[in-house]
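Inspection log for the structure reproduced underneath, given as structure tokens.
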Amino acid sequence: MPQSESHASPSFDQVVARAVSRRTVLAGSASAALLSLFGCASTTGTGKGARPPSTKIGADANLMQFNPVTLREAATPNGRSWPLVSQDYEFDLILPWGDPINPTGPKFRWPPNAEDQAVQIGTGHDGMWFFPSSDSPNSKGVLAINHEFGSTATILGKSLPQSLEEVRVSQHAHGVSILNIERVDGRWKSVGGDNVRRVHVNTPVTFSGPAANHALLANRSDDVAKGTLNNCAFGHTPWGTYLTCEENWAFYFGTTRSGFSPTVEQQRYGLFGRSFYGWHNFDPRFNLQSEDYANESHRFGWIVEIDPNDANQVPVKHTALGRFGHEGATVAVGKDDRVVVYLGDDSGNEHIYKFVSSASYQKLLREGKSPLAHGQLYVAKFNEDQTGEWIPLSMDNPALAERFKDEAEIVTYVRIAAKIVGATPMDRPEWITIGPNGEAYCTLTNNSRRTVPNAANPMAPNTHGHIIRWTDSDQHIGLDFTWDIFLMARDTQNTEELFDSPDGLWADSEGRLFIETDGNQSDSDTSINNQLLVADTNTGEIRRLFTGVNDCEITGLAVTPDQRTMFVNIQHPGVSNFRPGEEGRIFPALGETTSVPRDCTVVLEKKDGGVVGS
Ligand code: FEO
Ligand code: CA
Ligand code: CA
Ligand code: CA
């Protein structure tokens, strides 16, 4: 029975109908009035000032003028084997897995060796951000790209690594690439430089916040903490650093002996010793039964800060932001210049969090303190009446003080803390973005595990996913919010707008919402590849801008400051419809010849030079 059904409450259907705003677009809702109260600066790019979405009419009909890729086009054999873009746009493919990060480095050979892979672009391109240069901001800058994962079959041509050297190849294909890119003779390319580097599973890292230097993070035989893993989505700070987010890291930890029985905490984090990657057979750091590395798994599941301009900076894992299956870390500047980080835990029935710094970020930086190390973590509770609250996760809460010894334990086992304080279980929170009026949008990609619906997650199970929207009080730092459901992907089934499993998300300053998908894009009679869509948040209209190739996910999104160039990523492109010698081409067919498909970055530009999405 739905949780909301009681004599005192409206019916569950009424709650859902009220919450879902698609095509009624906030008109007359409490949210609209609240949204109009302030326009907040966000580092994802704003500057248009306060304006409630519901007041945008007239000229806003022109927000999207491009001709969309139609369902019919996308479903053709050509649309399945090669990317398609709107006829008003063109695209280029750059930065494939295996290209050297500096042009003078080792060229791609398949399979790579570990030494080469450590200075080549990794696999599984995911979240990224473009840091523009000061002299030519729209044609030159640093591109930081996450490398979420890579199948051993693609990287090595075998199901599991058979030696430590092969483990190292796989490890070096994970992590982050810091690249310098530039538009040269009309094409974007990687140009190298002193700041260019790879951060991977064996790169030294350090920790900040409550769990730094705590026994929970100490191993017996390894003083130097190393590595970042399963780097999914991203964030970027007002002080110019990049945040990379560790998501499905638990799948890398295995066991070598029978009789492993996970602790309550390990179970809560999915540490059952079932590794998909086989690293633990040769690298004891990833063996849950290694006494020397007993706490290695506590060193993953964090937000990691990287300076894209300093190749010698040691990446910092910020424990104040909690340990879980991090999707992204969306940074906003709130009241009094406090830095606010919105965080999603992408696992069925997990939660949405936010971190608020203890003072203005400039003040903390002046004092030599990291704004991401001093502050409070909160978890979201969505009420049925479209209000919500942020619940602090601290020892000041008697229920948490009873379960945990100190703040370090809370942040390390924050999933357990969130359940204790009554946070709302969500349908796999993926990306979060901040719209032009300070409203946050979050993709809830789908949730096969949901059996009990709630107003914010009304489908059980949730097959297609949805996008939720909220606005915090007090310019991002308040502890209450109002929310509504921006759209249910279910409602696009059997329409020209068909899409499923929304994942990557970015709002521009004019009200366009870019939606990237990761799932089965099909209705009763059509099947297409994963795609990039643009929604007009004022009208609810959705147009299809781009579709990828067979088996791929479309993810990652970055723009130049003028928004005339957009970068998106094609992750795990497949081979299932490629027939050597036939028309299909091995994607992306760049550089060295190989029959192995390679993750890469797509450059999208409008033929008339306009803003991407217009
Ligand atoms: Fe790496 Fe939840 O996507
Ligand atoms: Ca994702
Ligand atoms: Ca996903
Ligand atoms: Ca992925």
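The values are calculated or read from the model by the stated rules, or taken from the named source; none is laboratory data. Quick caveat, the model's predicted, so the values are computed rather than measured. Every residue, glycine among them, receives a Cβ derived from its backbone with ideal geometry; neighbour counts consider all protein chains shown. Only protein heavy atoms, including side chains, enter the accessible area calculation; ligands, DNA and RNA are left aside. Shrake-Rupley method; radii C 1.70, N 1.55, O 1.52, S 1.80 Å.
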Selection from 507, 458, 104 lying farthest towards where the dipole of the chain points positive, charges on Cβ: 104
Rg(Cα) / (2.2 N^0.38 Å) computed for the range 417-534, rounded to two decimals: 1.10
Length gained if residue 479 through residue 163 is fully extended, taking 0.36 nm per residue and subtracting the Cα-Cα distance, is 108.7 nm
Provide Rg over Rh for the range 158-211; use the alpha carbon set for both Rg and the Kirkwood Rh (inverse mean inverse pair distance). 1.15
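I need the shape label for the range 493-577. Rule: rounded when a/c is under 1.5, else prolate if a/b > b/c, else oblate, with a, b, c from the alpha carbon gyration tensor. Mind dumping the intermediate values first?
Values: a/c = 2.64, a/b = 1.28, b/c = 2.07.
It is oblate, given that a/c is not under 1.5 and a/b is not larger than b/c.
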Along the Cα→Cβ direction, 7 angstrom out, place labels at residue 65 and residue 309. What is the inter-label distance in nm? 3.7
Can you list the HN-Hα couplings for the range 410-424, worked out from phi with the Karplus curve (6.51, -1.76, 1.60; θ = phi - 60°), rounded to whole Hz and with x for Gly and Pro? 4, 5, 6, 10, 5, 4, 5, 4, 4, 5, 4, 8, x, 5, 7
Separation of the residue 258 and residue 92 label points, Cα + 7 Å toward Cβ, nm: 5.8
Keeping all protein chains in position, work out how much accessible area residue 134 exposes to a 1.4 Å probe, and write it in Å² to the nearest 10. 120
So what is the orientation-averaged projected area of the chain, using the convex hull of its C-alpha atoms, in nm²? 27.1
In nm, the gap between the two label points placed 7 Å beyond Cα toward Cβ at residue 213 and residue 291 is 2.8
Base-10 log of normalised Debye intensity for the range 290-337 (one unit scatterer per alpha-carbon) at q = 0.14, 0.15, 0.28, 0.30 Å⁻¹: -0.52, -0.58, -1.07, -1.09
At 1.4 Å probe size, with the rest of the protein present, what percent of the exposed accessible area of the chain is carbon and sulfur atoms? 48
Note down the relative contact order for the chain as a percent, whole number, built from C-alpha pairs under 8 angstrom at least six residues apart. 18
Sequence-separation-based contact order of the range 475-521, relative, with Cα cut under 8 Å and 6+ spacing, percent: 28
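What percent does the relative contact order of the range 434-501 come to when contacts are Cα pairs within less than 8 Å and at least six residues apart? Before the final figure, lay out the partial values.
Numbers: 119 pairs, mean separation 19.9, N = 68.
Normalised by residue count, the contact order of the range 434-501 is 29 percent.
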In whole angstrom, and with the biggest value first, how far do the Cα coordinates of the range 295-385 range along each principal axis? 44, 37, 22
Could you give me the ³J(HN,Hα) list for the range 242-252, computed from phi with Karplus coefficients 6.51, -1.76, 1.60 and θ = phi - 60°, whole Hz, x at Gly and Pro? 10, 10, 10, 10, 8, 9, 8, 6, 5, 6, 9
Residue-wise, which Karplus ³J(HN,Hα) couplings in Hz belong to the range 518-526, taking 6.51 cos²θ - 1.76 cosθ + 1.60, θ = phi - 60°, and x for glycine or proline? 9, x, 7, 8, 8, 10, 5, 9, 9
Relative to the compact globular guide of 2.2 N^0.38 Å, what is the alpha carbon radius of gyration of the range 321-433, as a ratio? 1.06
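Which FRET efficiency, nearest 0.05, do residue 222 and residue 359 yield, Cβ-Cβ r, R0 30 Å? Show your work: numbers first, answer last.
On the way: r = 35 Å, r/R0 = 1.15.
For residue 222 and residue 359, the calculated efficiency is 0.30.
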Taking a label point 7 Å from the Cα of residue 73 along the Cα→Cβ vector, which residues of the range 484-504 have an amide N closer than 17 Å to it? 496-499
Quick shape summary for the range 233-282, equivalent ellipsoid via Cα gyration tensor, semi-axes whole Å in descending order, reads 31, 13, 7
Compactness check, the range 160-301: C-alpha Rg relative to the 2.2 N^0.38 Å globular estimate gives 1.20
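Quick check on the range 61-192: what does the Kirkwood estimate of hydrodynamic radius come out to from the alpha carbon pairs, in Å?
Numbers: mean 1/r = 0.0587 Å⁻¹.
The answer is 17.0 Å.
Go ahead and estimate [θ] at 222 nm for the chain from helices alone: -39,500 (n - 2.57) per DSSP H run with n ≥ 4, summed, over the residue count, rounded to 500.
On the way: 12 runs with 72 residues, N = 614.
One gets -2500 deg cm²/dmol as the mean residue ellipticity at 222 nm.
In what sequence, highest mean first, do 425-431, 458-464 appear when ranked by Cβ atoms within 10 angstrom? Don't skip to the end; give the middle numbers.
Working: 425-431: 25.9, 458-464: 18.7.
Answer by packing, highest mean first, reads 425-431, 458-464.
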Starting from the Cα of residue 136, step 7 Å toward the Cβ, then list every residue of the range 178-215 with an amide N under 14 Å from that point. 180-192
Sorted by chain and number, the residues with a modelled amide H under 5 Å from that of residue 557, at a separation of 5 or more or across chains, are 128
